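The values are calculated or read from the model by the stated rules, or taken from the named source; none is laboratory data. Please read these numbers as outputs of a predicted model, since none were measured by experiment. Cβ coordinates were reconstructed from backbone atoms using ideal geometry, including for glycine residues, and neighbour counts include every protein chain displayed.
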Amino acid sequence: MQFGVHTGEFRSLAADALVVPAYKDGEMDPAAKAADALLGGVIARAAACGEITGKAFERTLFHVRQHDESTTLRAVLVVGLGAAKDLDAVTAGRYAGAAVRYLGKRKYASLAVALPAAAAKNAGNGKLSAAESAERIAECAVAATFATTTHRSKAPEDAVVTERATLYAPNGDDAELTRALARGRVVGDAVNLARVLANAPPAELTPETMAASARALAKQVGLSCSVLDPEQMAALGMGAILAVGKGSIHPPRMIVLTYKGDAKSKETLALVGKGITFDSGGISLKPGERMDEMKMDMSGGAGVIGAMGAIALLKPKANVIGVVAAAENLPSGSAYRPGDVLRAMNGKTIEVLNTDAEGRLALSDALSYAVAKLGATKIVDAATLTGACVVALGHAASAAMTNDEAWCKRVLEAVAKTGERYWQMPLFEDYTTQIRSEIADLKNTGGRPGGALTAGAFLKEFAGGVPWVHFDIAGTAYTDSESPYQAKGPSGIPVRAFVAIAEHLAGGANPVNGKAKSWLKTSPIEPQRYAPPFNSGAPSTNGTTRRRAAARATVRRSR
């Protein structure tokens, strides 16, 4: 999708359709008034008779008279925004996303999206500015183009086909809005990159191919990338993640992406993600129903990769490392078992009670590595960690837990305007008591009571006293149904949060003057290029895989 800014006269807009807002209190936006004049007053009449209510994301389409040669517009879409006084940047962005999904499915290739006038009115009350709204509009417009249908032999009839979006902002600051659109475009692409990875079939996205995607992104955007293989991980004592991956022919990888934006600073933010590319539960096998969704158990890791791509391009003045603990949890003769005792990188021993509590094991080594070897001074991790979190918070919010209230406060302030909701939950010492083991230092599950919190308490044991926040995104990483502004499937959470945290640590966003205009024309990330290659389930041909496959063949022959 390409972007542009139009600050001039209404009828000189070059687009197939114009998108204008409607407010619940009946106030008519100036752009809607201009469109109403073009349509002969039909918008006002529809509002008067209750056909347009201004309810959030309500959409009403009007067609322009064919004989009107004063404009290229074929249609006007009115999108509800709720009460004008309550408009914030997130809602402004979703207004654009709802428009792109509605019109794109109806084969409108180019849109003009009117910047809501309420954005300017609300700028003084701390809710938003025109630039913030423009940034979110671009971000959500890009995110609205994502679809889970890339493996179909033919594109679905309702595929979003929008190729260009122009921000219509009469008398706006062209340069400022261009920079804002460019920033939003980068974050939207990063969100979609995370979704592309999460949507990939597990036969394609393995720990090895996830690492390959990270390497390719690093090369494209200018990050440093290193990947630890099983031998290197064993040398470092990463017994927990190695155990998780023992049952699979695809061995684990520890992926590290590095961005250095402030050579003078001693602060390093570590963004850590769970990258379980498929979670069957292992020997403690999950029920078959909806097990297919466990291909998205690497959403935290995908979020790290997407966010690091955006951070590299937006260049905040901060040092950030992204760490992804990638593994596949499968049952086999070589899989780890309930009753095993593992030793994590930091030396702590872990009694395995349930092999389906594997994410915390993989993260234990990732957190230890970030602290001991990568110099992390602040940590935020994200993981689809527990079903208990979904029971507690549903799908409306992710859980946040911490060992440092001051750091958690900064993190939650940073993410407040991203549209991603995080709700802090406690980590009382009682939860740590629940995960103490009689035969080892810890056990990997504390039972049903407070399941999300005992998982958080477990992870805290590996943060090494470094200020740390844990996001449990089990209920928000993917959605079962589409919304007006978002497709069903992977949500891209926590990309927006991670980018916002990095910029907050840097003291604010860095201007993107140099490349803003080029970013409006061409995606600097191109999410789909990092999808693993379609291979119909063909196994990897690396040396470890060949050895394990040969060993299994020998076992089968001996039976």
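Within segment 393-419, count every residue that is out of contact with any Leu (no Cβ under 9 Å at 6 or more places or on another chain) and either surrounded by fewer than 17 Cβ atoms within 10 Å (Cβ to Cβ) or in contact (Cβ under 8 Å) with a residue 40 or more places away in the chain (or both).
Going through segment 393-419 one residue at a time, the tally reaches 18.
Scanning for something more than 19 Å from Ala22 (Cβ to Cβ) and either surrounded by 24 or more Cβ atoms within 10 Å (Cβ to Cβ) or basic (Lys, Arg) (or both), does segment 112-121 turn up at least one residue?
Scanning segment 112-121, I find no residue that is more than 19 Å from Ala22 (Cβ to Cβ) and either surrounded by 24 or more Cβ atoms within 10 Å (Cβ to Cβ) or basic (Lys, Arg) (or both), so the answer is no.
Can you tell me how many residues within segment 177-193 are surrounded by 24 or more Cβ atoms within 10 Å (Cβ to Cβ) and in contact with a strand residue (DSSP E or B) (Cβ under 7 Å, 6 or more places away or on another chain)?
The qualifying residues number 3.
Of the conditions (1) surrounded by fewer than 18 Cβ atoms within 10 Å (Cβ to Cβ); (2) part of a helix (DSSP H, G or I); (3) in contact with a strand residue (DSSP E or B) (Cβ under 6 Å, 6 or more places away or on another chain), Thr433 clears all except one; give me its number.
Of (1) surrounded by fewer than 18 Cβ atoms within 10 Å (Cβ to Cβ); (2) part of a helix (DSSP H, G or I); (3) in contact with a strand residue (DSSP E or B) (Cβ under 6 Å, 6 or more places away or on another chain), only one is false for Thr433: (3).
If a residue counts only when it is in contact (Cβ under 8 Å) with a residue 40 or more places away in the chain and not hydrophobic (A, V, I, L, M, F, W, C), which strands (runs of 3 or more DSSP E) contained entirely in segment 155-264 have at least 2 such residues?
It comes to 164-168, 253-260.
Exactly one of (1) surrounded by 23 or more Cβ atoms within 10 Å (Cβ to Cβ); (2) part of a loop (DSSP other than H, G, I, E, B) is unmet by Gly281. Its number?
For Gly281, the failing item is (1).
Scan segment 49-70 and report the pairs whose first residue is among the polar types (S, T, N, Q) and whose second residue is not in a loop (DSSP other than H, G, I, E, B), with Cβ atoms within less than 6 Å and a gap of 6+ or a chain change.
Thr60/Val78; Ser70/Arg11
Taking the condition of being surrounded by fewer than 14 Cβ atoms within 10 Å (Cβ to Cβ) and part of a strand (DSSP E or B), how many residues in segment 62-96 meet it?
Number satisfying all stated conditions: 1.
Per-residue answers, yes or no, for (1) of a type in the set (Asp, Glu); (2) assigned to a loop (DSSP other than H, G, I, E, B); (3) closer than 14 Å to Gly247 by Cα; (4) touching a residue at least 12 places away in the same chain (Cβ under 8 Å):
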{"site": "Gly303", "(1), (2), (3), (4)": "no, no, no, yes"}
{"site": "Ala307", "(1), (2), (3), (4)": "no, no, no, yes"}
{"site": "Leu313", "(1), (2), (3), (4)": "no, no, no, yes"}
{"site": "Gly333", "(1), (2), (3), (4)": "no, yes, yes, yes"}
{"site": "Gly339", "(1), (2), (3), (4)": "no, yes, no, yes"}
{"site": "Asn346", "(1), (2), (3), (4)": "no, yes, no, yes"}
{"site": "Ile350", "(1), (2), (3), (4)": "no, no, no, yes"}
{"site": "Leu353", "(1), (2), (3), (4)": "no, yes, no, yes"}
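Of the residues Pro524, Pro533, which is in a loop (DSSP other than H, G, I, E, B), exposed (fewer than 13 other Cβ atoms within 10 Å of the Cβ) and modelled with pLDDT under 95?
So the residue among Pro524, Pro533 that is in a loop (DSSP other than H, G, I, E, B), exposed (fewer than 13 other Cβ atoms within 10 Å of the Cβ) and modelled with pLDDT under 95 is Pro533.
Kindly evaluate Arg215 against the criterion of being over 30 Å from Val352 (Cα atoms), outside the structural domain of Ser368 (by TED's automatic domain parsing) and either out of contact with any strand residue (DSSP E or B) (no Cβ under 9 Å at 6 or more places or on another chain) or among the charged types (D, E, K, R) (or both).
no
Looking at this structure, is Asp292 over 29 Å from Asn192 (Cβ atoms), out of contact with any Phe, Trp or Tyr (no Cβ under 9 Å at 6 or more places or on another chain) and surrounded by fewer than 24 Cβ atoms within 10 Å (Cβ to Cβ)?
It is false that Asp292 is over 29 Å from Asn192 (Cβ atoms), out of contact with any Phe, Trp or Tyr (no Cβ under 9 Å at 6 or more places or on another chain) and surrounded by fewer than 24 Cβ atoms within 10 Å (Cβ to Cβ).
Cβ-Cβ below 9 Å, separation at least six or inter-chain, first residue in segment 380-391 and in contact (Cβ under 8 Å) with a residue 60 or more places away in the chain, second basic (Lys, Arg) and surrounded by fewer than 24 Cβ atoms within 10 Å (Cβ to Cβ): which pairs?
Note: pairs meeting the criteria are Ala388/Arg448.
Is it the case, given these coordinates, that Ala455 is touching a residue at least 60 places away in the same chain (Cβ under 8 Å), under 20 Å from Val196 (Cβ atoms) and buried (at least 23 other Cβ atoms within 10 Å of the Cβ)?
no
Among Val411, Val466, Val380, which is closer than 30 Å to Leu236 by Cβ, part of a loop (DSSP other than H, G, I, E, B), in contact with a strand residue (DSSP E or B) (Cβ under 7 Å, 6 or more places away or on another chain) and among the aliphatic types (A, V, I, L, M)?
None of the others qualify; the one that does is Val466.
Scan Val64, Val90 and give me the residue that is in contact with a strand residue (DSSP E or B) (Cβ under 8 Å, 6 or more places away or on another chain), within 20 Å of Thr166 (Cα to Cα) and aliphatic (A, V, I, L, M).
Exactly one of Val64, Val90 is in contact with a strand residue (DSSP E or B) (Cβ under 8 Å, 6 or more places away or on another chain), within 20 Å of Thr166 (Cα to Cα) and aliphatic (A, V, I, L, M), namely Val64.
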